[in-house]
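Structure record follows, encoded as structure tokens.
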Protein chains: 4
Amino acid sequence: MTKNIKHIGLFTSGGDAPGMNAALYAVVKAASAKGIKVSGIRKGFEGLIDNDFVELKTKQLQKTMHLGGTVLKTARSERFRTVEGREVALQNIHDNHIDGLIAIGGDGTFRGISLLSEISDIPCIGIPGTIDNDTVGTDFTLGFDSAVNTAMNCIDNIRDTAESHNRMFVIEVMGRDSGYIGVYSGLTSGADSILIPESPQDMTYLLDKIHGYESEDAFIVVLSEGNELSIDRVSQQIRQVNDAIDLRVCKLGHIQRGGNPTAADRILGIRLGVAAVNALIQGESNKMAGICNNQPVLTPFSEIAKQHAIDAEQQSLVDLFCR
Amino acid sequence: MTKNIKHIGLFTSGGDAPGMNAALYAVVKAASAKGIKVSGIRKGFEGLIDNDFVELKTKQLQKTMHLGGTVLKTARSERFRTVEGREVALQNIHDNHIDGLIAIGGDGTFRGISLLSEISDIPCIGIPGTIDNDTVGTDFTLGFDSAVNTAMNCIDNIRDTAESHNRMFVIEVMGRDSGYIGVYSGLTSGADSILIPESPQDMTYLLDKIHGYESEDAFIVVLSEGNELSIDRVSQQIRQVNDAIDLRVCKLGHIQRGGNPTAADRILGIRLGVAAVNALIQGESNKMAGICNNQPVLTPFSEIAKQHAIDAEQQSLVDLFCR
Amino acid sequence: MTKNIKHIGLFTSGGDAPGMNAALYAVVKAASAKGIKVSGIRKGFEGLIDNDFVELKTKQLQKTMHLGGTVLKTARSERFRTVEGREVALQNIHDNHIDGLIAIGGDGTFRGISLLSEISDIPCIGIPGTIDNDTVGTDFTLGFDSAVNTAMNCIDNIRDTAESHNRMFVIEVMGRDSGYIGVYSGLTSGADSILIPESPQDMTYLLDKIHGYESEDAFIVVLSEGNELSIDRVSQQIRQVNDAIDLRVCKLGHIQRGGNPTAADRILGIRLGVAAVNALIQGESNKMAGICNNQPVLTPFSEIAKQHAIDAEQQSLVDLFCR
Amino acid sequence: MTKNIKHIGLFTSGGDAPGMNAALYAVVKAASAKGIKVSGIRKGFEGLIDNDFVELKTKQLQKTMHLGGTVLKTARSERFRTVEGREVALQNIHDNHIDGLIAIGGDGTFRGISLLSEISDIPCIGIPGTIDNDTVGTDFTLGFDSAVNTAMNCIDNIRDTAESHNRMFVIEVMGRDSGYIGVYSGLTSGADSILIPESPQDMTYLLDKIHGYESEDAFIVVLSEGNELSIDRVSQQIRQVNDAIDLRVCKLGHIQRGGNPTAADRILGIRLGVAAVNALIQGESNKMAGICNNQPVLTPFSEIAKQHAIDAEQQSLVDLFCR
């Protein structure tokens, strides 16, 4: 059932992720090809409530599509959690003659939109934008590939020092509760051990491996932030098992979240932006656009669980390379 | 039917591609986990003929897996095209007690191996290593993602100048007969036009678009090298249609072939390296390991055609964004 | 003699160079600390004639200081070469109540300003912005360090392929008539030969070196674009001397001109921007701000010759490393 | 007084720094041009004691000159602090027929060499290799420019998130007791505040600036690690003054120490490597080679103080841009 969409409201919400600007460009480009106007809403749900709408032009977004962050800015909104906040937001949507919404963000964003759909029939499509790759309904989330490359390049840098000094490094990467960034940045940087929340037994393998260890080489441990053991506890346990090891720690932190998006994230942003516009036109609502096995797919918000288990093949690679 | 492989011969052949070193590391790591020894053969088929075999150690390859090029070196071999050359190669394989071969390269490499299989029953598995992404049997070839990112980052650089001067640039990217690098680097860098061998009509769209064009902005044309029209002819035709345009050209050239591989290419190298070892163990031969729709697959060499048509979704994106 | 400057006109002219945006930020920041207003003039002399003046805000420029190109855009102006053009420009300067000019560009830009000073007493200070490092009065021009790093990184990439194939590469870098980019990018990338306009005898050394050469390694020749011999002629002569060499060529082209400026270029832009504002306040005019031996210096436009001979120490390094 | 040097011993010591491999290449290249043999000593003073000498070949070092870290490895040596350790080292130097030493490291390295000179007349020249730029006798130490660029690029990344969320970030950079990396990375990334050990009053300026601050923008504080206040204390004080600020912290850590050296560090390594060889030939000893105001200079080890005050011009820029 095709729907006659004339004016889309577009916003980014939750943590920023590289590739969001490419998705913004794609939404506006795809919409304008169909004669659909697009307004940007600044700072996510905050802007919906504050009526902070801006006109979006293709030419301008084409020039910023390669930049990190989001030109529409993003925020977390306490007010949108209230009934009053959502009613004001809905009124602004109506007053601006918006007849379709596209939101880029994580599962929290999609829950927010779902609340809106309870009091309205405005069609809404989501685009998964988060570096954590913790969303079902898509093989990769927007920003993940960039974050992995940033983390990997940082670990490559640290390897220079680790090899020069024959040192061990424990390096904490992001991912919230998900080990995806850990697995990918660890495998691709040739880590000796990867510690992720999904596989707590790897700590035991690590401690076994370093028992009596005397290295003439670098030894790299990649630790995902959501791990049960903090970076300090991991270091402490390593030192308890082998106090001869020259050990250093490093938390990569927020640098993983920024920087110009990689090609994969830009193409993903483009594909998801176009898919979201097409979904609205086809009368879809309350669904997230994703790419599974190379094909665009839509998944209802109600099925978007936070958990996104590490793929079995990836896990087997960790077992093979890092135990 | 599982086969008892004890000693693998491993080589890279044809043009080098980023990610080859990650694949080398993965083959040796996966093999050694099964108690299989791996010898490297330097310079591809040349080394087979010259008996240029070297011992490969996991620790050493772990340290070079993040580097571009191939530590085993590569070459094209005229001698292997002769019966005599292949017989010497086969003798060396036997003399070194090799009972399985893994070759990383393009379709020419696989044809070479096929010739070997005509006179021998040594099992051989191929890994598609080429930046051109012109091989069927895998969604992406090893090196493609790195080449695309390099080309894209170069175009980002050129955009700075194009915007500062309101200039048009025609930028030639690699790909031999395939437009894949053109499509991906063009879409991800926000190109205004993409000219690929597979879609010659886009030149007409471009010339229509610039007729009477007076820009206050950059205008980027990405041209794939395999195109019917050379970069000089494209420029000439643009000038004929609109001689007021401030036009510059740039051939990116060999920089697209080198540099440290991206995370996607390293993970692809790892997956394909492991898949190749597993294939040999499982008794497979004369097949190429690839990843299609996120799953490892094997494709017989006999079905590896050179042509790898641009995916329909990608083509529709080019139509939407660059016409 | 201090002068009471209230309103500076600021523009970029000639070819863009990385670091120009940092200099723009610095001028506005330094001026506003002294209570001086700054207006930007878009597209260099063209904007002076077209009265294309824009207000510049510190906060906005702070956000773009890390980007390549110039947010004020740049252009070459035919009209400014005419008496009429310059009279219109001067009128616009007066009408906008500009009482001091700062221009970022190369020697052509400074000649343009000098023409203005012939018909006016508006004080003008220049900042040397060009990747070519071909200006006297400063050890390094704005953009040079970025261009060298870009060229060097490209040559590092090409080295991956050169080593994988034991190939020779002739790589052309920019620099117009100056060999500076050639010398710096060649030395820093470990080139085997550097061919610059200032040292034509190096071609002879190269041809001697490759006579009978049979390499098991990469061989890198860096060629400056201003050289007497074109890249095609150089290749031809190499092949004549030794036709067994596997030779490839690559022209790096415009990618050297763009990209985010390096730290050295940003700090240079900041220092020169501040120095230019201080110079205007101190009543200076028709001078270029530069950094010589780590100290800010002013040089009269009349002494700015195009030629900037290769430093003797650098030349001796080329002799030592590349002959 | 020229000295007839025939065999140089070369090592890296202390923390590794990008550019060390370029300096190693330069020493061997410059020495071999004079017919001097060079042996590498692995792991600094440890290798001197353990007689861990390796032959160094120009071709091999040419291929690694662009890599971070040090191929000779480095270490801190407790044993060299003992008389016995130094006597063994000296014996190994004699046994290997070394008649000149070149050491790359920081002030601790030079103190170590000075101890050796107390019991021997073997001539020794030092090259300042440390990212901290905390050595007198040279304007910049080897590795500083690379570390600054790495830190700056990281802050650029973080700025994407800071602007997307209108957040404040406190970012800790390296430098031990020196604020140089803080000043350079802060100025070049457009920081709003820079807190360095040398200028404790800047904390007061910062707290004044954010009193009542309500931003619609990023706010970046760069903190040098040697600061009196830790990153946690700085954050705490910011929150006390203004608890409405959305504040995040990030310690860049060891990534600043690795990675391929920049062009400036490679050229510096080359210049210092050549200067060190020349100094030995000229009969110099117990001196450090440095570059001051663009000229190679030698400074006696006895004058190498740790402290290297921030240049007055740089400090004035911090005052202007970051208060």
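The values are calculated or read from the model by the stated rules, or taken from the named source; none is laboratory data. No experiment lies behind these values; they were computed from the predicted model shown. All Cβ positions, glycine included, derive from the backbone under ideal geometry; neighbour counts span all protein chains shown. In case anyone asks, the SASA skips ligands and DNA or RNA and just uses the protein heavy atoms, side chains included. Shrake-Rupley method; radii C 1.70, N 1.55, O 1.52, S 1.80 Å.
The figure for B:Cys292 is an accessible area of roughly 40 square angstrom, using a 1.4 Å probe on the protein chains alone. Compactness of segment C:1-128, taken as the C-alpha radius of gyration over 2.2 N^0.38 Å, stands at 0.97. With 10 Å bins beginning at zero, the pair-distance distribution over Cα atoms of the protein assembly as shown amounts to 2, 9, 17, 23, 23, 16, 8, 2, 0, 0 %. Inter-copy label distances at D:Arg323, using a point 7 Å along Cα-to-Cβ, come to 5.3, 6.1, 6.1 nm with the shortest given first. Dipole check for chain A: with +1 at the C-beta of Lys and Arg, -1 at the C-beta of Asp and Glu, and the Cα centre as origin, the magnitude is about 1520 Debye. Inter-copy label distances at A:Ala244, using a point 7 Å along Cα-to-Cβ, come to 5.1, 5.9, 7.8 nm with the shortest given first.
The residues D:Leu72, A:Leu207, sorted by heavy-atom accessible surface at 1.4 Å with ligands and nucleic acids left out, run A:Leu207, D:Leu72 from largest to smallest.
Nothing charged except the Cβ atoms of Lys and Arg (+1) and of Asp and Glu (-1): what's the magnitude of the dipole of segment A:146-257 about its Cα centre? Round to the nearest 20 debye.
Details: 9 positive and 17 negative charges, 70 e Å.
Here the size comes out at about 340 debye.
Of the options C:Val234, C:Leu207, C:Gly253, report the single residue whose Cα projects farthest towards the positive end of the charge dipole of segment C:145-258 (beta-carbon charges: Lys, Arg +1; Asp, Glu -1). Farthest towards the positive pole: C:Gly253. Between the helical axis of A:107-118 and the longest alpha-carbon principal axis of chain A there is an angle of about 20 degrees. For the rotational copy pair A/D, the chain A residue whose Cβ lies nearest the symmetry axis, together with its distance in Å, is A:Lys251, 3. Between copies, the label points of C:Leu90, set 7 Å from Cα on the Cα→Cβ line, lie 6.9, 7.9, 8.9 nm apart, reported in increasing order to one decimal in nanometres.
Taking label points 7 Å from Cα along the Cα-to-Cβ direction, A:Leu229 and A:Glu303 give a separation of 3.8 nm.
The angle between the Cα long axis of helix A:83-95 and the longest principal axis of the Cα atoms of chain A comes to about 50 degrees, rounded to the nearest 10. Computed with every protein chain present, the accessible area of C:Phe11 is close to 0 Å² [probe 1.4 Å].
Going through segment A:137-221, which GluC sites (Glu not before Pro) have at most 13 other Cβ atoms within 10 Å and a DSSP loop state? Write out the running numbers ahead of the final one.
Working: sites: A:Glu163, A:Glu172, A:Glu198, A:Glu214, A:Glu216; in loops: A:Glu198, A:Glu214, A:Glu216.
Hits after loop and neighbour filter: A:Glu214, A:Glu216.
Computed from point charges on the beta carbon alone (+1 for Lys and Arg, -1 for Asp and Glu), the dipole magnitude for segment A:39-163 about its Cα centre is near 380 Debye.
For segment C:50-121, GluC sites (Glu not before Pro) are listed when DSSP marks them as loop and at most 11 other Cβ atoms sit within 10 Å of their Cβ; the list is C:Glu78.
Let's test the formula: R0 of 30 Å, r as the Cβ-Cβ distance of B:His211 and A:Lys37. What FRET efficiency results, to the nearest 0.05?
Numbers: r = 27 Å, r/R0 = 0.90.
My answer for the efficiency is 0.65.
Full extension of the chain between C:Asn96 and C:Cys292 gives 67.1 nm of extra length, using 0.36 nm per residue less the Cα-Cα distance.
Order of C:227-236, A:153-162 by packing, highest average Cβ count within 10 Å first? Walk me through the numbers before you get to the answer.
On the way: C:227-236: 15.5, A:153-162: 25.0.
The densest-packed peptide leads the list: A:153-162, C:227-236.
Rg and Dmax, both from the Cα atoms of segment D:145-258 and both in Å, are 12.9, 40.
Rounded to the nearest 0.05, what FRET efficiency do B:Gln282 and B:Val83 have when you use their Cβ-Cβ distance and R0 = 30 Å? So, using R0 = 30 Å, E works out to roughly 0.45.
For D:Lys57, the solvent-accessible surface computed with a 1.4 Å probe is close to 120 Å², ligands and nucleic acids excluded.
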